[in-house]
Amino acid sequence: MSNNTSQPSPSTDPTPIFEAFRWRYGSNLLTAAVAHFGVFERLAQGPVSEMDLKQHLQLESRPFVVLLTALQAMNMVQRDAEGKFQATEMALEHLDSKKTFYVGDYLGLAADSPEVLDLVERLKTNQPADIDHQGAAFIYRAGVKSAMEQTALARHFTLSLAGRARNVAPALAEKLDLKNVSHLVDVAGGTGIYALALLEKNPHLEVTLVDLPEVLNIAREMAAASPHRDRLHLVEGDMFEWNPDTKVDAFLFSNIFHDWDVTECQNLMRRYSELLEPDGRLIVHDVFLNDALDGPAPIAFYSAALFTLTEGRAYSAGEYRSWMEACGLEVTGPFDTLIHCGILTGKKTKR
């Protein structure tokens, strides 16, 4: 039997590899905070409210959350009893230029590096990178030029994510209880690796995977050797407009919401909640920040990566829960899968 016909679980946990890779975003954010935004010069004057600090830094909400979440996760900034931001004792001693043991000049060695300068531009403009002048990086929105419409770039990005998906998919299939689900829609399901893992674990299940044409070409290749391919239905569609033509028991959004800003996330959540049958489920498989938006560090740094390449960031379980509950969903979770990912499920209650 071909190795492609089943999806074994990894024998070791690759999470430390991803953490090591994402640490560079932490380094770049710290350098930007010190050398370009003067965060600690302001905090050296005393605690400051979120609104005043945001105004001082001249940052919109999304970049502000990305930057301050990372600084808190690194123990450089914390909130006081009134919820104001203040520098930690370590940061006050070493990142205030007026102090004897200031090390900001050392961090400044990287201040003009291309990665830091690009991150500063992203933070100031609140816009994702334009990859080789091909348009918005790795998101797709009708009417906006996108790298995901370019065959080579879409393929490169989609296959890059496949390495993580191969590791995480077996854990998702193991943790996600689908015994009462007969038809699941994998929204923007990419390579189909998650869908195929769910099909292998659940012989009764049918999965419809909805995505863009360039991505579906890769999903078709991935599914070709799978014994479960007859239960996988690939459908071309824009997730902001697509509508199912049959009953759907569950919608899966695996690492999707983090590509979009809060308003788009809320709109998507509302749209697909309305499409659910009674007792149907909306499943979010993603990374989750702490509800206080102060870490953990690996996810805070991943959030910076998402911020750089998409219109989104990482969100907390509390943020997802509030959106789900606003749609009338009964929320359970999160339950961990692998590589910092977890599952939150919203069930549509009968009315």
**Report entry** Number of the exception - Val210 against (1) in contact with a strand residue (DSSP E or B) (Cβ under 9 Å, 6 or more places away or on another chain); (2) more than 27 Å from Ser61 (Cα to Cα); (3) assigned to a loop (DSSP other than H, G, I, E, B)
**Finding:** (3)
Requested in this report: Look through Ser9, Ser27 and report the one residue that is outside the structural domain of Arg122 (by TED's automatic domain parsing), of a type in the set (Ser, Thr, Tyr), on the phi < 0 side of the Ramachandran plot and surrounded by fewer than 18 Cβ atoms within 10 Å (Cβ to Cβ).
Outcome: Ser9
Report task. Determine the pairs where a residue that is at positive phi and touching a residue at least 60 places away in the same chain (Cβ under 8 Å), located within the stretch 294-308, has a partner that is buried (at least 23 other Cβ atoms within 10 Å of the Cβ) and not in a helix (DSSP H, G or I) with Cβ atoms under 8 Å apart, the partner being 6 or more residues away or on another chain. Result -> Gly295/Leu289
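Listed here are the residues, each with its yes/no results for (1) among the hydrophobic types (A, V, I, L, M, F, W, C); (2) under 25 Å from the mean Cα position of the chain (by Cα).
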residue: Pro8; (1), (2): no, yes
residue: Ala20; (1), (2): yes, yes
residue: Trp23; (1), (2): yes, yes
residue: Gly26; (1), (2): no, yes
residue: Leu30; (1), (2): yes, yes
residue: Val39; (1), (2): yes, no
Query raised in the report: Would you call Gly38 at positive phi, surrounded by fewer than 18 Cβ atoms within 10 Å (Cβ to Cβ) and free of Cβ contacts under 8 Å to residues at least 24 places away in the same chain?
Result: yes
Query - Residues of the stretch 278-323 satisfying the condition of being in contact with an Asp or Glu (Cβ under 7 Å, 6 or more places away or on another chain) and among the hydroxyl-bearing types (Ser, Thr, Tyr) - result: Thr310, Ser316
**Report entry** Members of the stretch 323-347 found to be hydrophobic (A, V, I, L, M, F, W, C) and outside any strand (DSSP E or B), listed by number
**Finding:** Trp323, Met324, Ala326, Cys327, Leu338, Ile339
Report task. Please identify the pairs in which a residue from the stretch 113-138 that is on the phi > 0 side of the Ramachandran plot has its Cβ atom under 8 Å from the Cβ atom of a residue that is at pLDDT 95 or above, counting only partners at least 6 apart or on another chain. Result -> Asn126/Leu59; Asn126/Glu60; Asn126/Arg62; Asn126/Pro63
Query raised in the report: Are there any pairs with C-beta distances below 9 angstrom linking a residue in the stretch 190-217 that is more than 18 Å from Ser160 (Cα to Cα) and without any contact (Cβ under 8 Å) to a residue 60 or more places away in the chain to a residue that is part of a loop (DSSP other than H, G, I, E, B) and of a type in the set (Phe, Trp, Tyr), with the two at least 6 apart or on different chains, and if so which?
Result: Val210/Trp242
**Report entry** Of residues in the stretch 322-351 being within 16 Å of the chain's Cα centre (by Cα) and aliphatic (A, V, I, L, M), the one farthest from Phe18 (Cα to Cα)
**Finding:** Leu344
Report task. Just give me the residues in the stretch 173-194 being outside any loop (DSSP other than H, G, I, E, B), of a type outside the set (Phe, Trp, Tyr) and under 17 Å from the mean Cα position of the chain (by Cα), in sequence order. Result -> Asp186, Val187
Report task. Could you pull out the residue among Ser322, Ser273 that is surrounded by fewer than 18 Cβ atoms within 10 Å (Cβ to Cβ), among the small types (Gly, Ala, Ser) and at negative phi? Result -> Ser322
Query - Members of the stretch 218-243 found to be closer than 21 Å to Leu161 by Cβ and assigned to a helix (DSSP H, G or I), listed by number - result: Ile218, Ala219, Arg220, Glu221, Met222, Ala223, Arg229
Report summary line: the stretch 1-80: helices (runs of 4 or more DSSP H) wholly inside it with 2 or more residues that are out of contact with any strand residue (DSSP E or B) (no Cβ under 9 Å at 6 or more places or on another chain) and not polar (S, T, N, Q) are 15-35, 50-57, 61-73
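The values are calculated or read from the model by the stated rules, or taken from the named source; none is laboratory data. Computed from a predicted structure; not experimentally measured. FYI the Cβ positions are ideal-geometry reconstructions off the backbone, even for glycines, and counts take in every protein chain you see.
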